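First comes the structure, then the notes that go with it.
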Protein chains: 2
Amino acid sequence: MPEPVRHAYVSGAGMTPFGRHPQRSLTGLGSMACLEALDDAGLAPADVQAAYCGSAMAALVQGESGLGQSVLWELGIHGIPVVNVENACATGATALHLAWRDVAWGVRDVVLAVGVDKAVMPKGSVLKAGTTQLEAQLGDVFPGLFALIAQKHMQAYGTTLRQMARVSVKNHDHGALNPLAQFNKRVTIEQVLESPMIAEPLTLFSCCPNSDGAAAAVICSERWLRDTRRDRVRIAASVLTSGDYDPMRDLTFWNSESRAVQQAYEASGLGPGDLDLVEVHDAFTISEILHCEAIGLCEPGGGGPLVESGATTLGGRIPVNPSGGLQARGHPPAASGLAQIFEIAVQLRGEAGPRQIAGARVGLAQIMGGSKGNDAQACAVHILVNDRLP
Amino acid sequence: MPEPVRHAYVSGAGMTPFGRHPQRSLTGLGSMACLEALDDAGLAPADVQAAYCGSAMAALVQGESGLGQSVLWELGIHGIPVVNVENACATGATALHLAWRDVAWGVRDVVLAVGVDKAVMPKGSVLKAGTTQLEAQLGDVFPGLFALIAQKHMQAYGTTLRQMARVSVKNHDHGALNPLAQFNKRVTIEQVLESPMIAEPLTLFSCCPNSDGAAAAVICSERWLRDTRRDRVRIAASVLTSGDYDPMRDLTFWNSESRAVQQAYEASGLGPGDLDLVEVHDAFTISEILHCEAIGLCEPGGGGPLVESGATTLGGRIPVNPSGGLQARGHPPAASGLAQIFEIAVQLRGEAGPRQIAGARVGLAQIMGGSKGNDAQACAVHILVNDRLP
């Protein structure tokens, strides 16, 4: 892909608390997140020139069409291009990628990206997202697939159950510092290991929850940055790709992720050593371990020892999922990608309160969606930089 | 919106026959249309650099997520950005708009847009697309809404039942010349008027069918045009907008459509007098009448006399829906916007056989999706030009 013609910034970010919102509609949640993002950006609804609204489950589960238009209507935004997008768990990151592209190529100056979902799911409806009908019938739904991945990683690299459990413990520790997280309660390694078995070796506390919630970001060009005193959060790389669909692939990595990470490093001129924080798609504990390896925080196979060493805990060398991640912050699929951006923006601006990473300058967000032929359907990687810091 | 940096072309278009395809999946239909479009473009699946896949009903009705990736997998296309989009009946045009934007702003050189739907609908599931829950509960579903529009147009301008019926007769006449149309049978004014009443004054033959089908287009930059001898179909304007949501609006026009048409004329430097053919969203007979007025083929209120005069029939001054339109070609919602592009591309290249419009140089496609607050949720207008003709 050629270089974009100009910089694009996350000038505002907002999210609802994640968890259960039985009293709020998708439209209500989405508009709440958008209003917060606009307020954070110092911009008015009338400033928005285009919008991408992601929902992985609105149509699938709630029979709702045109959600983006409904959300914007609540805000009094009308007469602009609005596109509803879906890419399973990468839906919010897809909305962000399109918004970034509009701004970075000079098509628009102020673009809104929002992701919203509710966890109202008929049995089996979402777990099979993206697999072929045959794969789903054979039991290749997400917990089963990630159980296989965990088994393979344990066999290949000696990764232990306690190392995987450490991911959950760490992310719940982080979530306890995040007032917007679904779970603010810490868990112990024993609690993770002894919670009900979902798919061997993944226990209940090894899996993220299904949640209600929304997150949004305002992407704009330099001249639309309103608070000139505030730290600026620039999008140094935005990569979206789809899987390679290789049924013979080694289960311990995803081709799509390796490629997306590499492209993001090339686009930004940065590498794993430059990162101050990382938000990854810890749908299962084993997922975070694989993502740390893919991002280059350690060697292939080193993800278990990495989390065990404390390096990825707040206060460690490179905090991973300081927000609590999907495990503790919760996982409304389309919102998670933008909640990662919310966390990184807040961290880069030094506004993360008790979970602040001192002097954070560079953050990376990684998320993937769906599964097909042993690769992700979609994988997105974003790198954000505070370009006021040296 | 600023000017794009370069030209983008429809280098290939393809569509399946529209109608009933009980033996084909969404994935099968989508990949068929894509293969035809690629073949038409003289390009290989491996040339595709990004793809937008639209379906208005895949998730809503069939619980299918990640359809675009499934379609591309069938073609052996992998590792590229794939975005699934939804904008009700404007879904296919939305996919096209995003593909055009990628090429016209230099982000990508070869982008695929595909729209696919099947008419497998539980009762009431799609008709309420885009209305608020309250509106749907009160009966403000599409046939009811367009019946009100028809009544208002009759009252305001004296539009007659026979004039509206002429739209259906004309489009069925056109459809009889289109081997890919769902209906190849002509109807008479009497048959239209005497068919079962759906919502006064709209009878069964005043409404488009719900159909299965897919359509696709390959959008590329100039240097990727493969057959240099062939006529070139350039996208002179691509406009996507959303509604203004004005409950007090006069029911005889849509703000979103007026604005989209005006923007498309400005972007292309063309006007209604330059058009050689038009494809509009004739979901109901009255719709085509309103769209002809919005596009400027006649004065406001003149749509009834216009169709009655024969000016919009093949062989007339400005043929409207030479493909048969939604009324006869059929209406798989997400495919219709790209089927319009297929028709215009074929016409501009002089390959439309018995329905060819001699010397056609400029075509306009208009489509809208959903309804909210008395405007469309989404409205798209595309103008295509054969830039080999003077």
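Some points to look at:
- Of the set (1) at positive phi; (2) without any contact (Cβ under 8 Å) to a residue 60 or more places away in the chain; (3) crowded, with 23+ Cβ neighbours inside 10 Å, all apply to B:G76 but (3).
- Leading residue by the ranking (nearest to the other protein chains (Cβ to nearest Cβ)) among those in the range B:375-390 that are part of a loop (DSSP other than H, G, I, E, B) and touching a residue at least 60 places away in the same chain (Cβ under 8 Å): B:D387
- Residue match in the range A:338-353 (condition: over 30 Å from A:V85 (Cα atoms), more than 14 Å from chain B (Cβ to nearest Cβ) and not acidic (D, E)): yes
- Yes/no for A:A150 being among the small types (G, A, S) and at pLDDT 95 or above: yes
- Qualifying residue in the range B:101-109 (condition: out of contact with any Phe, Trp or Tyr (no Cβ under 9 Å at 6 or more places or on another chain), within 11 Å of chain A (Cβ to nearest Cβ) and farther than 28 Å from B:P209 by Cα): yes
- Residues that are more than 19 Å from the chain's Cα centre (by Cα) and not in a helix (DSSP H, G or I) were ranked within the range B:352-374; the one that is farthest from B:P179 (Cα to Cα) is B:G373.
- Residue satisfying condition, being touching an Asp or Glu at 6+ places or on another chain (Cβ under 8 Å) and on the phi > 0 side of the Ramachandran plot, within set A:N374, A:N386: A:N374
- Qualifying residue in the range B:74-85 (condition: more than 8 Å from every other protein chain (Cβ to nearest Cβ), within 20 Å of the chain's Cα centre (by Cα) and at pLDDT 95 or above): no
- Of all residue pairs spaced 6 or more apart or on separate chains, those with beta-carbon atoms under 7 Å, a first member in the range A:36-58 that is farther than 18 Å from A:S336 by Cα and a second member that is of a type in the set (K, R) are A:A41/A:R226; A:G42/A:R226; A:L43/A:R226; A:Q49/A:R108; A:A50/A:R108.
- Members of the range A:273-315 found to be touching a helix residue (DSSP H, G or I) at 6+ places or on another chain (Cβ under 6 Å) and at positive phi, listed by number: A:G296, A:G301
- Every residue from the range A:1-20 that is within 14 Å of chain B (Cβ to nearest Cβ) and touching a Gly at 6+ places or on another chain (Cβ under 9 Å): A:P2, A:P4, A:V5, A:R6
- Residue match in the range B:196-205 (condition: more than 14 Å from every other protein chain (Cβ to nearest Cβ) and assigned to a helix (DSSP H, G or I)): yes
- The range A:1-38: number of residues that are of a type in the set (D, E) and more than 18 Å from A:S70 (Cα to Cα): 1
- Residue match in the range A:263-272 (condition: modelled with pLDDT under 95, touching a helix residue (DSSP H, G or I) at 6+ places or on another chain (Cβ under 8 Å) and away from chain B (no Cβ under 14 Å)): no
- Number of positions in the range A:232-262 that are touching a strand residue (DSSP E or B) at 6+ places or on another chain (Cβ under 8 Å) and within 14 Å of chain B (Cβ to nearest Cβ): 18
- Some residue of the range B:213-229 being on the phi > 0 side of the Ramachandran plot and surrounded by 22 or more Cβ atoms within 10 Å (Cβ to Cβ): yes
- Matching residues in the range A:86-99 - criterion: being in contact with a Ser or Thr (Cβ under 6 Å, 6 or more places away or on another chain) and either surrounded by fewer than 24 Cβ atoms within 10 Å (Cβ to Cβ) or within 7 Å of chain B (Cβ to nearest Cβ) (or both): A:N87, A:A88
- Residues of the range A:79-89 satisfying the condition of being within 28 Å of B:M1 (Cα to Cα) and in contact (Cβ under 8 Å) with a residue 24 or more places away in the chain: A:I80, A:P81, A:V82, A:V83, A:N84, A:V85, A:E86, A:N87
- Criterion violated by B:D117 - all others in (1) modelled with pLDDT of 80 or more; (2) touching a Pro at 6+ places or on another chain (Cβ under 8 Å); (3) within 9 Å of chain A (Cβ to nearest Cβ) satisfied: (3)
- Whichever residue in the range B:179-195 is charged (D, E, K, R) and part of a loop (DSSP other than H, G, I, E, B) and, among such residues, is surrounded by the fewest Cβ atoms within 10 Å (Cβ to Cβ): B:K185
- Number of the condition not met by A:G63 [criteria: (1) of a type outside the set (A, V, I, L, M); (2) within 12 Å of chain B (Cβ to nearest Cβ); (3) farther than 26 Å from A:A176 by Cα; (4) touching a residue at least 60 places away in the same chain (Cβ under 8 Å)]: (4)
The values are calculated or read from the model by the stated rules, or taken from the named source; none is laboratory data. Everything numeric in this text was worked out from a predicted model, so none of it was measured. Please note: Cβ atoms are built from the backbone with ideal geometry, for glycine as well, and neighbour counts cover all protein chains shown.
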